Amino acid sequence: MKVLIVGSGGREHAIAWSVSKSPKVEKIYCAPGNAGIAELAECVEIGAMEFEKLADFAEENKIDLTIIGMDDPLVGGIVDVFEARGLKVFGPRKNAAILEGSKAFSKDLMKKYNIPTAAYENFDDPEKALAYLRTEAKFPIVLKADGLALGKGVLICADLSEAEAGVREIMEDKKFGSAGNTMVVEEFMTGREVSVLSFVDGKTIKTMTSAQDHKRALDGDKGLNTGGMGTFSPSPFYTEEVDEFCKKYIYQATVDAMAAEGRPFKGIIFFGLMLTQEGPKVLEYNARFGDPEAQVVLPRMKNDIVEVMEACVEGTLDKVDLQFEDNAAVCVVLASDGYPVHYEKEIPMYGFENFKDKEGYYCFHAGTKKKDGQIVTNGGRVVGITAKGENLKEARKNAYEATEWITFANKYMRHDIGKAIDEAE
């Protein structure tokens, strides 16, 4: 088979690594890719939002399966473009990717189908949002830009003055662009956050192993929200009891709700869960693998990813026995100092050879490129260092040791990824 992967981050590198292990695959392309992906795939200079060019490429090169890694092209309708040309593609259509593309849509869906989530109100008029916040809101409260905002369009407001500033930022100053045309005001939930990824074929859902992400830039969960500074899998807080509850009231219920709405979902549903005192509730849905969650979940998956994805496309997922290793993985993101605000790029990187033939250690590239034959930094999150271990403590120790193997001048990382592991004991 020939496979095309669309995207350029750490998630796409993890997908490319998984695809490269499939005996069914002889050639991988990635558009646009990065310096790490280039070791597994032929990188093609086509942007992820250039749908027609990507479909032309898939036709001309007789691609057997295209995998869409990123949210923007999915929400923009890339799958519809490929399907219209009779090309096999993994990911939800535009009318199903709205599950991630509009927080207002997903909240209304959960309300309609009794899927547990935080209480909320949707607003498309800033004055009405302000009136609600001044008269009915309980603080702290959460404001969410409706559309895609690189994982950053969520503000937690401690009091009314912060909330008023937040409405201005999202709806009037349009800090997150058109994502802020509509805004969700949501009750603030407390508890542990857990991420569960799943494969879906329109009717059947198979969940993957759990993970837990660290979004804040600085140690101690301080600083600005980022795309994710590290993650670990499995989550010690995702117990069998939690799993049973979610299977009963959240996972299948979401797949059935989308089908009932005439929006059958095929691809990956990422469930962002909050384990509250009243039980698990949905914080958010994503319509694709998480980044960096993919970097800890995929190395633990036993199945051939291409077979599972084909089963999702063909509607035969019920015949797949999805299995994961009985171990753990931790990913620590090496970022450019100053991320997520201002940081330098094109800084030379060294040490990649340390990962060659090291079983259970991975360096997934996120923001890298080659310049004059040298790998240099090309983004805020530069690489994700993942290591496996028999348990979470061993995986964390291994991952932090491996962070020393890569060097670049403005390297920055958090030193407390997986600190919750100690609290779980």
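Assorted remarks:
- In order along the range 239-251, phi translates into HN-Hα couplings of 7, 4, 5, 4, 4, 4, 4, 5, 4, 6, 10, 10, 5 Hz, rounded to whole numbers, per the Karplus curve 6.51 cos²θ - 1.76 cosθ + 1.60 with θ = phi - 60° and x for Gly and Pro.
- Hydrodynamic radius (Kirkwood) for the range 181-248, which is based on Cα pairs only, to one decimal in Å: 14.4 Å
- Exceeding the 31 Å Cα-Cα cut-off - candidates LYS111/LYS206; LYS215/LYS319; LYS138/LYS345; LYS152/LYS345: LYS215/LYS319; LYS138/LYS345
- By the compact-protein rule of thumb, 2.2 N^0.38 Å, the alpha-carbon radius of gyration of the range 72-133 corresponds to a ratio of 1.50.
- For the range 271-402: relative contact order, % (alpha-carbon pairs under 8 angstrom, 6 or more apart): 24 percent
- Inter-centroid distance (Cα atoms) of the range 137-154 relative to the range 248-327, Å: 23 Å
- Whole-number accessible area per residue in Å² for the range 352-418, which is evaluated in the context of all protein chains at 1.4 Å: 46 Å²
- Remark: the range 22-73 is approximated by an ellipsoid whose semi-axes, taken from the C-alpha gyration tensor as √(5λ), come to 17, 14, 10 Å, largest first.
- Cα-based radius of gyration for the range 276-425, normalised by 2.2 N^0.38 Å, reads 1.20.
- Compactness index (Cα Rg / 2.2 N^0.38 Å), the range 352-408: 1.21
- The range 1-103 - Kirkwood radius from inverse mean 1/r over Cα pairs (Å): 13.4 Å
- Per-residue 3J(HN,Hα) values for the range 265-274, derived from phi via the Karplus relation 6.51 cos²θ - 1.76 cosθ + 1.60 with θ = phi - 60°, read 9, 10, x, 10, 9, 9, 9, x, 10, 10 Hz in sequence order (x marks Gly and Pro).
- Only helices enter this figure: runs of n ≥ 4 DSSP H residues, each worth -39500 (n - 2.57), summed and divided by the residues of the chain, yield -7500 deg cm²/dmol at 222 nm to the nearest 500.
- q = 0.20 Å⁻¹, the range 260-311: log10 I(q)/I(0) [Debye, one scatterer per Cα]: -0.92
- Computing Rg and the Kirkwood Rh from the Cα coordinates of the range 212-348 gives a ratio, Rg/Rh, of 1.00.
- nm² value of the averaged projected area, convex hull over the Cα atoms of the range 113-262: 10.3 nm²
The values are calculated or read from the model by the stated rules, or taken from the named source; none is laboratory data. Quantities reported herein were computed from a predicted structural model and do not represent experimental measurements. Side chains are part of the model used for accessible areas, which takes the heavy atoms of the whole protein and leaves out ligands, DNA and RNA. Shrake-Rupley method; radii C 1.70, N 1.55, O 1.52, S 1.80 Å.
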